[in-house]
Amino acid sequence: MITSLKRILTVLFVIFLSSSLFFAEDAATDYDDIFANQKIEKDDFYTIIVEPSKEEIQEQNNKFFEELKQKKLEILRKKQKEIEKKEAAKNQIISQKEKQKAELEKQKENLKNKKNNSKTQQTETKPDDKTEKQSSENKSKQLSEQKTKKTEQKKSETIKNQQKENLQNSKPEKSEENFENKEKDDNNEEQKMDFSIQLRKKFIDCGMEFKGIKYVWGGKTPSPGFDCSGFVTYTAKKSLDLDIKGNAQDIYNQTTPVALEEAQPGDLIFFKGDTDTRVTHVGIYLGKNPEGNDFGKQNLFLNAASAGPRTGIVISGLNENYWKKTYYGCGRLLPSI
């Protein structure tokens with residue numbers, strides 16, 4: 001009896017141990033903590049007393065968004081002017097060819113009228129004995145003139161055919177129906193940029209509302225708290241009704257990689273330690289730091305930190321040694337401006 005009980009307890013213990021290892025491995029895959037396997041060195045983080053406020057970040061980003069928008073609009077306007085210039089040149093060529101065509105038609109008509117008049121005169125005129133010699137000379141002269149006119153007519157026909165061929169070959173390309181449609185396209189581009197700006201502002205503003213929420217490994221809601229991937233997925237869902245799931249690596253796989261120099265506020269920023277087998281940290285890129293705080297001139301991001309001098313949902317800087325050495329890349333989830 002005792003032996004059987006021991007066997008049962010042994011089997012239950014093995015099952016419990018196996019389950020614990022399975023769930024531990026699963027949790028390690030699903031949840032993120034870049035600090036778990038990375039040693040924190042002295043001076044890895046800045047001593048931050050004064051942080052940028054939400055309003056300062058909003059103001060800084062508004063300025064960035066507007067400057068970027070105006071630069072892109074200026075590029076669109078330059079392209080539009082180039083297209084209009086080419087169209088005007090083509091239209092001028094077509095107009096000239098049409099004018100030449102009309103002139104040739106007029107010349108042809110004049111030649112035809114002269115020929116008809118010549119035939120009429122020949123029919124109506126009856127030479128007598130006194131003018132027979134003169135008529136013979138006139139006839140010879142008329143034949144010579146007719147021969148010259150035929151040569152000119154043939155030459156005119158050749159020029160006309162050549163002009164017609166050139167006119168057909170110089171038809172303008174169909175670009176976008178007309179300038180009115182091009183103007184509509186420019187307006188659509190501006191509307192797309194404005195839409196992207198609004199999405200990015202909404203995403204960042206929502207994330208900033210959670211600043212100060214504590215760090216909880218595997219946390220996906222404000223209470224009891226967030227880990228880094230839980231913070232990003234919750235913010236995306238709450239602000240934009242955007243479903244992104246998984247850990248930091250999974251989120252990275254759902255984005256389009258962009259260079260840090262091309263990153264726009266509202267993009268995501270990713271980190272991976274030297275001993276990590278995957279991306280283990282993600283935050284929301286905030287753009288350049290506004291003046292008047294302890295971060296200085298550097299890029300900022302909002303993230304859930306589990307260790308260091310400041311934990312929970314905090315603003316961090318890419319110039320801080322820890323983040324500089326673990327930086328992995330940026331990813332774009334929202335439409336570009």
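The values are calculated or read from the model by the stated rules, or taken from the named source; none is laboratory data. The structure displayed is predicted, hence computed values, not measured ones. Positions of Cβ are generated from backbone atoms using ideal geometry, with glycine treated the same way; all protein chains shown enter the neighbour counts. Side chains included, ligands, DNA and RNA excluded: accessible areas come from the protein's heavy atoms. Shrake-Rupley method; radii C 1.70, N 1.55, O 1.52, S 1.80 Å.
Observations
- Test for Gln100: is it modelled with pLDDT under 80 and surrounded by 12 or more Cβ atoms within 10 Å (Cβ to Cβ): no
- Cβ-Cβ under 9 Å pairs, at least 6 apart or on other chains, segment 303-321 side at positive phi, far side part of a loop (DSSP other than H, G, I, E, B) and open to solvent by 30 Å² or more (accessible area, probe 1.4 Å): Gly308/Ile40; Gly308/Phe45; Gly312/Lys211; Gly312/Gly212; Gly312/Ile213; Gly312/Lys214; Gly312/Ser306
- Condition met for Thr326 (modelled with pLDDT under 95, among the polar types (S, T, N, Q) and more than 24 Å from the chain's Cα centre (by Cα)): no
- Among the numbered conditions (1) under 30 Å from Pro309 (Cβ atoms); (2) open to solvent by less than 70 Å² (accessible area, probe 1.4 Å); (3) charged (D, E, K, R); (4) at pLDDT 80 or above, the only one that Lys90 does not meet is (1).
- Residue match in segment 162-182 (condition: over 30 Å from Leu104 (Cα atoms), modelled with pLDDT of 95 or more and open to solvent by less than 40 Å² (accessible area, probe 1.4 Å)): no
- In segment 234-284, residue farthest from the chain's Cα centre (by Cα) [restricted to those that are open to solvent by 10 Å² or more (accessible area, probe 1.4 Å) and of a type in the set (Ser, Thr, Tyr)]: Thr275
- In segment 192-222, the residues that are open to solvent by less than 60 Å² (accessible area, probe 1.4 Å) and either free of Cβ contacts under 8 Å to residues at least 40 places away in the same chain or within 15 Å of Ala305 (Cα to Cα) (or both): Cys206, Gly207, Met208, Phe210, Ile213, Tyr215, Val216, Gly218, Gly219, Thr221, Pro222
- Failed criterion for Lys297 (all others in (1) modelled with pLDDT under 95; (2) out of contact with any strand residue (DSSP E or B) (no Cβ under 8 Å at 6 or more places or on another chain); (3) within 30 Å of Leu73 (Cβ to Cβ) hold): (2)
- Candidate set from segment 292-334 (those that are among the hydroxyl-bearing types (Ser, Thr, Tyr) and in a strand (DSSP E or B)); member that is nearest to Ala236 (Cα to Cα): Ser316
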